[in-house]
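Here, each number is a calculation from the coordinates, and none is a lab measurement. No experiment lies behind these values; they were computed from the predicted model shown. Note that we place each Cβ from the backbone using ideal geometry, even for glycine, and neighbour counts take in every protein chain shown.
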Number of protein chains: 2
Amino acid sequence: MILTVTLNTALDITYRVRSLRPHTSHRVGEVTERPGGKGLNVARVLAALGHEVTVTGFTGGDTGRTVQDRLTAVPGLVDALVPVSGPTRRTIAIMDERSGDTTQINEPGPTVTPAEWSAFQEAYEDLVPSVSAVALCGSLPPGVPVGAYAGLIRTAKAAGVPVLLDTSGEALRRGVAARPDILKPNTDELAELTGSHEPLRATQDARRRGALAVVASLGKEGLLATTPEGRWRATPPTAVHGNPTGAGDSVVAGLLSALAEQLPWPDRLSRAVALSAATVLSPAAGEFDRDTYEEWVPRVAVTREVSAA
Amino acid sequence: MILTVTLNTALDITYRVRSLRPHTSHRVGEVTERPGGKGLNVARVLAALGHEVTVTGFTGGDTGRTVQDRLTAVPGLVDALVPVSGPTRRTIAIMDERSGDTTQINEPGPTVTPAEWSAFQEAYEDLVPSVSAVALCGSLPPGVPVGAYAGLIRTAKAAGVPVLLDTSGEALRRGVAARPDILKPNTDELAELTGSHEPLRATQDARRRGALAVVASLGKEGLLATTPEGRWRATPPTAVHGNPTGAGDSVVAGLLSALAEQLPWPDRLSRAVALSAATVLSPAAGEFDRDTYEEWVPRVAVTREVSAA
């Protein structure tokens with residue numbers, strides 16, 4: 001069982017319009033709704049790979065109920081979300097059919113009270129000892145202390161469970177100091193954390209700040225991993241073009257999936273790169289193309305870097 | 001008791017953004033949600049005026065549950081919405097704080113099945129005999145026959161209950177032929193129905209098509225009423241500037257409120273104009289300023305027109 005934590009879960013709503021014209025009225029024909037927030041996306045990919053996954057975080061209001069109804073329908077996924085009085089946020093994506101571009105409106109999320117935050121921590125402490133890995137994903141809703149991830153990392157480490165952190169800004173800065181087993185930043189998050197736009201230097205700096213291993217996603221160039229066992233670059237066999245939504249969450253799912261199976265780093269990285277590419281190539285945002293994934297896993301180039309930085 | 005019918009109820013969601021920039025991401029600080037659809041807006045104004053109101057129409061899904069929770073909180077308002085399997089639609093208004101303009105995204109609404117439409121008609125037939133007036137408001141959701149309002153008008157008339165129709169397009173064209181007691185079009189709807197952009201000629205034409213009385217809302221110029229008892233123009237004491245959202249619904253509420261109190265036409269019109277102006281002047285969209293309303297009722301100029309068209 002893998003545990004993913006999504007403190008700011010969301011109901012992701014997508015509208016397709018012919019062309020978004022500000023200050024006019026648009027009728028949409030089709031409405032797509034699905035559970036959102038990075039940790040829920042990671043869980044859905046893990047479940048599709050055949051893993052048993054428990055999701056926790058917060059849920060509230062009618063939007064939270066919709067999210068939970070959809071999660072319950074996913075085989076292999078266990079809902080352990082903790083109720084809050086405020087409603088789960090919505091994210092609105094308005095897809096412009098003419099340009100293919102998306103305009104995004106994100107609600108802030110419910111304000112979590114100290115009592116609700118305590119209730120979550122207790123639930124998390126009960127869940128952690130029985131899982132093989134934990135992923136802490138995404139932004140913090142209002143009311144949750146900015147050092148939240150640091151505490152959750154310490155709880156997992158005290159229980160001897162490996163923990164991956166995928167967040168940004170101050171939550172990342174505070175979280176990394178608690179020594180997560182894996183940090184999964186993209187290049188922007190890594191630069192914000194370390195001040196360096198040079199990935200090799202930045203991943204090494206992130207390790208010095210506390211992360212045991214750092215897997216940086218470099219977009220089309222794949223992954224750069226700096227770990228206690230060595231340094232690797234993993235690149236897709238060909239450049240992929242498509243919708244990058246969810247590609248980062250698929251990297252996390254690939255890393256966790258291989259970690260849960262106790263595979264070595266090169267196998268973890270090839271799985272993560274193949275899954276990410278299969279997500280970019282899928283027509284539906286955040287889904288992955290299974291055939292592409294299976295075909296690409298053995299074709300990902302993983303090269304060990306031996307040069308000193 | 002007044003009955004308002006909203007076949008395509010909505011959850012109206014308003015987001016405020018500094019400036020809407022297509023193809024970028026926006027975080028919103030504040031989210032406003034309220035029950036929507038013309039008939040629900042009319043009911044809320046009637047309840048605020050002290051009337052007892054029953055609302056019917058369709059409700060479904062988690063959005064419908066949110067709408068019903070909010071309606072239940074309004075004193076004097078009775079929820080008689082009929083359940084459908086599809087979810088109540090959302091309307092998204094994105095308010096640009098810099099320009100004050102609004103970008104609107106409207107979902108289509110649930111597809112109503114023949115069985116659900118039959119269930120509604122039965123519920124409506126049970127409600128109508130015990131009310132003093134009926135208002136049929138807004139667009140039809142997918143699946144409801146385009147002649148729906150004609151049937152509902154005949155049911156009300158058979159029960160001897162006066163019925164007001166406020167809709168547009170083909171639903172209006174088909175509805176007017178069933179001889180509603182009051183038709184409340186705006187100038188665009190009236191022109192679409194009659195082909196004439198000259199309000200006096202158009203209201204007379206609308207009466208020939210079946211409406212017993214026609215009250216056309218002419219925006220800032222107030223109302224033009226063509227009725228069996230005569231023709232009147234009602235104009236606000238001064239031009240009003242503000243947010244016109246809900247002004248038409250306030251006209252309907254004013255007409256129904258005075259009709260339920262069996263007031264003559266000039267009193268109905270002054271109430272409708274004052275309420276509409278008090279809605280435009282209110283800072284919150286769709287709310288009305290009670291002081292303005294009470295102060296303006298006696299100041300609305302209602303003049304009888306005696307000239308032949």
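A few points about this structure:
- Paramagnetic reach from B:SER85 (point 7 Å along Cα→Cβ, amide N under 16 Å) across segment B:111-142: B:111-120, B:142
- For chain A, built as a Gaussian network whose Cα springs stay under 10 Å, the top-fluctuating residue of A:THR24, A:THR187, A:THR14: A:THR24
- For B:LYS184, a cut-off of 25 angstrom between C-alpha atoms picks up these lysines, skipping any fewer than 8 places away in its own chain: B:LYS38, B:LYS157, B:LYS220.
- Cβ-vector label at 7 Å, A:SER118, separations to other copies in nm: 5.6
- Cα-based shape type of segment A:102-151, given that a ≥ b ≥ c are square roots of the gyration tensor eigenvalues and the cut on a/c is 1.5: oblate
- Overall, segment A:218-309 carries a charge dipole of about 300 debye about its Cα centre when +1 sits on the Cβ of Lys and Arg and -1 on the Cβ of Asp and Glu, all other atoms neutral.
- Modelled spin labels at A:GLU221 and A:SER130, positioned 7 Å past Cα toward Cβ, are 4.4 nm from each other.
- Shape call, segment A:130-286: gyration tensor on alpha carbons, a/c limit 1.5: rounded
- Considering only the protein assembly as shown, percent of DSSP beta bridges that pair antiparallel, nearest 5: 40
- Measuring from the axis that maps chain B onto chain A, the chain B residue with the nearest beta carbon and its rounded distance in angstrom come out as B:ASP62, 2.
- Counting, for every residue in A:55-64, the Cβ atoms of other protein chains within 10 Å of its Cβ and taking the mean gives 2.
- Exposure here means at most 13 other Cβ atoms within 10 Å; with trypsin sites (Lys or Arg not before Pro) in a DSSP loop as sites, the longest stretch of chain B lacking them is B:99-309.
- With the label put 7 angstrom out from Cα along the Cα-to-Cβ vector, A:ASP69 ends up 1.4 nm from the copy partners, going from closest to farthest.
- From phi via Karplus (6.51, -1.76, 1.60), per-residue ³J(HN,Hα) for segment A:283-288 in Hz, x at Gly/Pro: x, 8, 4, x, 8, 10
- Inter-copy separations for A:ASP291, label at 7 Å along Cα-Cβ, nm, ascending: 7.0
- Shielding by partners, peptide B:98-105 (average Cβ within 10 angstrom, other chains): 5
- A simple spin-label model places pseudo-atoms 7 Å from Cα toward Cβ; at B:THR111 and A:ARG304 they are separated by 5.8 nm.
- Here the dipole of segment A:29-114 is about 200 debye; that uses its Cα centre as origin and unit charges on the Cβ of Lys and Arg (positive) and Asp and Glu (negative).
- The equivalent ellipsoid that matches the C-alpha gyration tensor of segment A:218-309 spans semi-axes of 22, 14, 11 angstrom, in descending order.
- Antiparallel DSSP beta bridges within chain A, percent to nearest 5: 45
- Chain A: relative contact order in percent, alpha carbon pairs under 8 Å with at least 6 residues between: 14
- Residue among B:ASP181, B:ASP291, B:ASP205 with the largest mean-square fluctuation in a Gaussian network model of chain B, springs linking Cα atoms under 10 Å: B:ASP291
- Gyration tensor verdict on segment B:232-275 (Cα atoms; rounded if a/c is under 1.5, prolate if a/b is larger than b/c, oblate otherwise): oblate
- Considering only B:ASN41, B:ASN106, B:ASN186, the Gaussian network model of chain B with Cα springs below 10 Å gives its largest mean-square fluctuation to B:ASN106.
- In segment B:1-81, GluC sites (Glu not before Pro) in a DSSP loop with at most 14 other beta-carbon atoms within 10 Å: B:GLU30
- Mean-position separation - Cα centroids, segment A:201-271 and segment B:32-55, in angstrom: 55
- Gain on full extension, evaluated as 0.36 nm per residue between A:ARG21 and A:GLN121 minus their Cα-Cα distance, stands at 31.5 nm.
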